[in-house]
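Visitor: Encoded as structure tokens, here's the structure I'll be asking about.
The values are calculated or read from the model by the stated rules, or taken from the named source; none is laboratory data. Nothing here was measured: the structure is a model prediction, and the numbers come from that model. Reconstructed Cβ throughout: ideal geometry from the backbone, glycine too, with neighbour counts over all protein chains shown. All accessible areas refer to the heavy atoms of the entire protein, side chains included, with ligands and DNA or RNA removed. Shrake-Rupley method; radii C 1.70, N 1.55, O 1.52, S 1.80 Å.
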Amino acid sequence: MQFNDHKSAGLSRRTMLQAGAGVAGSIILPASFLRPAFAADDKPALGTWPVGSQGDTVYIGASIPRTGAYAVQGEDELKGMQLAIEHINEGNDLLKQIAPKIEKGVLGKKVELVVADSAAKPNNAVQEQQTFINDKKIVAMTGSTSSAVAVALNKFAQREKILYLVAISGSNDTTGKDCARYSFRQCVYGETCANAIGPVLLKNFGKGKKAAFMTPDYTYGHTVTKSVNDYLTSQGGWQMVTNQVSPLGTQDFSQYLTNIANSGAEFIVNVNWGRDAVLSVQQAKQFGLTPNMKMVIPYQIPFLAKEVGAELTEGVFAATDFWWTMEDQYPLAKAFVDAFQKKYNYRPEWGAENGYMQFAIWARMVSEAGTFYPPDVIKQYEKGETFPSMVGDVKFRAEDHQLIRPVVIVRGKAAKDMKNEEDFWHVVEIVPGEGLMQKPDAFGCQLGDYT
């Protein structure tokens, strides 16, 4: 794995472009202007194809938050990607169960990852991926952790005709109104988590409850809060008594927690993510709000329990993508947990699982398509064929490029019940994904063109 830090590298005239809300824009030359009119197989050059796949190595660009509020989760995600690249290049048996045509590399090419620190900022991520395109002719890009970054890279990928393998992104918008033909997401998101955890909350706590929401002020927070509130109000008669919206990177939640203390809430639905989630959970305890008020985490962050301690997550219900004890049920999960633990000396969180699976799926799709030509790879995804994963058989939905996959509901264990130092969560239920998803056009997805 190669690490390139492009954060302060010189940027070309094509670097700054409109890639979503908050992303600076300027006039740029279209990608096709700088490339020959036609390439291999009488297909027109497109994105970095065919130049990016003509050598003995192909590159994937990763813009990962390695500093800032989401840095811990970004590093875990990156480790999963690095392990996947290693497995692709050696033709590892685990990866071959997901991508059976892989030998050593993809279509005879070694795969290499180039990495930069996005700090969870859309501007950074777009600029870094532009540099990867210029310098390495990447055949795919990945990264996010912040859905604001994911939405920006969706737009950028569609314009540049480079495949975007969405990393962590919980916003409904990522495969909703901001979806893109060139973008694919495999993790769970707000709507699916709300529809999975909602019935569990009603079963355990009943109807007619009062809830205070804590919402980070960007697309992830707003869409997750809406989905959870919509479910609880429509199906359980719950009432949102306050919605405390805070900016990403908040350090002191006292004003928001004071408002919650005065709201009459019985539950805190905490949608914060990354370091913001850790601090808000800790400060809710310091303010004496929990455990008198029950905490609910509708979109669990990797390492939450480890960072705040079992005392603060005991009894907390959360929705997540993957938990390592699923190794007892799914053979691929067992193989992945073992391989990851051997390499990194801890059991993987769901960010690492997500990063690994995105690369394994990409390797499957390219090898099945028999080409790196982007439209052909996209159409392979869109066939909707079922394939194995860490959480059972899954498939992509062609209409919005969202993976149909289960949501895992967990509940925090008491410290005395933990079987080892990483045994924080009990898996309550694994909810099949298809029934949790909105109709493909419900959130306004318009995928856009192949070319």
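Visitor: Residue 128 fails exactly one of the following numbered conditions: (1) touching a helix residue (DSSP H, G or I) at 6+ places or on another chain (Cβ under 7 Å); (2) open to solvent by less than 10 Å² (accessible area, probe 1.4 Å); (3) in a helix (DSSP H, G or I). What is the number of that condition?
Guide: (1)
Visitor: OK, next. Of everything in segment 134-146, what is buried (at least 24 other Cβ atoms within 10 Å of the Cβ) and not hydroxyl-bearing (Ser, Thr, Tyr)? Give them in sequence order.
Guide: 138, 139, 140, 141, 143 - these are the residues of segment 134-146 that are buried (at least 24 other Cβ atoms within 10 Å of the Cβ) and not hydroxyl-bearing (Ser, Thr, Tyr).
Visitor: Within the group 249, 208, which residue is closer than 25 Å to residue 409 by Cβ and either open to solvent by 10 Å² or more (accessible area, probe 1.4 Å) or in a strand (DSSP E or B) (or both)?
Guide: None of the other options fit; the residue is 208.
Visitor: Could I ask something else about it? What is the residue count in segment 270-295 for residues that are aromatic (Phe, Trp, Tyr) and more than 22 Å from the chain's Cα centre (by Cα)?
Guide: Here the count works out to 1.
Visitor: State whether one or more residues within segment 366-380 are in contact with an Asp or Glu (Cβ under 6 Å, 6 or more places away or on another chain), among the aliphatic types (A, V, I, L, M) and touching a residue at least 40 places away in the same chain (Cβ under 8 Å).
Guide: No, segment 366-380 contains no residue that is in contact with an Asp or Glu (Cβ under 6 Å, 6 or more places away or on another chain), among the aliphatic types (A, V, I, L, M) and touching a residue at least 40 places away in the same chain (Cβ under 8 Å).
Visitor: Residue 78 - would you say it is aliphatic (A, V, I, L, M) and open to solvent by 40 Å² or more (accessible area, probe 1.4 Å)?
Guide: For residue 78, the condition - aliphatic (A, V, I, L, M) and open to solvent by 40 Å² or more (accessible area, probe 1.4 Å) - is not met.
Visitor: Additional query: Within segment 147-168, can you find the residues that are outside any helix (DSSP H, G or I) and either open to solvent by 10 Å² or more (accessible area, probe 1.4 Å) or modelled with pLDDT of 95 or more (or both)?
Guide: Hits for segment 147-168 are 161, 162, 163, 164, 165, 166.
Visitor: Against the definition (open to solvent by less than 10 Å² (accessible area, probe 1.4 Å) and either at pLDDT 95 or above or in contact with a Pro (Cβ under 9 Å, 6 or more places away or on another chain) (or both)), how does residue 372 come out, yes or no?
Guide: So residue 372 fails the test.
Visitor: Hey, any hits in segment 176-197 for a residue that's surrounded by fewer than 24 Cβ atoms within 10 Å (Cβ to Cβ) and in a helix (DSSP H, G or I)?
Guide: There is at least one residue in segment 176-197 that is surrounded by fewer than 24 Cβ atoms within 10 Å (Cβ to Cβ) and in a helix (DSSP H, G or I).
Visitor: Working only within segment 434-445, note down all residues that are assigned to a loop (DSSP other than H, G, I, E, B) and either surrounded by 12 or more Cβ atoms within 10 Å (Cβ to Cβ) or among the aromatic types (Phe, Trp, Tyr) (or both).
Guide: 437, 438, 440, 442, 443, 444, 445
Visitor: Could you tell me whether residue 86 is open to solvent by 10 Å² or more (accessible area, probe 1.4 Å), assigned to a helix (DSSP H, G or I) and free of Cβ contacts under 8 Å to residues at least 24 places away in the same chain?
Guide: Criteria not met by residue 86.
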